[in-house]
Amino acid sequence: MLKMPAGFASLGDKTPYNWRYETTPQKHCNDRRMYWPRGKTLGGSSSINAMLYVRGNASDYDHWRQLGNQGWSYDDVLRYFRRPSATSAAPTSSTATRDRSPFPTRPTRTS
């Protein structure tokens, strides 16, 4: 179940692969404790995350850009979120995508 996205549902509350943590009481949620699944296996939480990712809140990215982080506005990063879903069905072999990253290479220092 760890190796297939559909297995995520079986890795929840009653499994040896999950620490089943809870948060401290959350003030803005009527002091409720939130379920916080964490992986208890080789690979940790990445092993129980259903191979999903979340884009995040656009205003967070825009705020980072306003703080001076050029290239981090939501409009700037949205294409990186869209690229994997647009190309995921195209390659027919695992070697076709092995060396390709959706993110640009890290800039080099010139000084």
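The values are calculated or read from the model by the stated rules, or taken from the named source; none is laboratory data. Owing to the predicted nature of the structure, the values given are computational and were not obtained by experimental measurement. Ideal geometry is used to build each Cβ from the backbone, glycine not excepted, and the neighbour counts take in all protein chains shown.
When restricted to residues that are assigned to a loop (DSSP other than H, G, I, E, B), of a type in the set (Gly, Ala, Ser) and within 18 Å of the chain's Cα centre (by Cα), segment 26-72 contains 3.
Conditions (1) among the basic types (Lys, Arg); (2) surrounded by fewer than 11 Cβ atoms within 10 Å (Cβ to Cβ); (3) at pLDDT 85 or above, marked per residue:
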{"site": "ARG33", "(1), (2), (3)": "yes, no, yes"}
{"site": "LEU42", "(1), (2), (3)": "no, yes, yes"}
{"site": "SER45", "(1), (2), (3)": "no, no, no"}
{"site": "LEU52", "(1), (2), (3)": "no, yes, no"}
{"site": "ASN57", "(1), (2), (3)": "no, yes, yes"}
{"site": "GLN70", "(1), (2), (3)": "no, yes, yes"}
{"site": "ASP76", "(1), (2), (3)": "no, no, yes"}
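Please verify whether segment 97-111 includes one or more residues that are farther than 30 Å from LEU2 by Cβ and at pLDDT 70 or above. No, because not a single residue in segment 97-111 is farther than 30 Å from LEU2 by Cβ and at pLDDT 70 or above.
Per this entry, VAL77 is not counted among residues that are within 18 Å of the chain's Cα centre (by Cα), β-branched (Val, Ile, Thr) and outside any helix (DSSP H, G or I).
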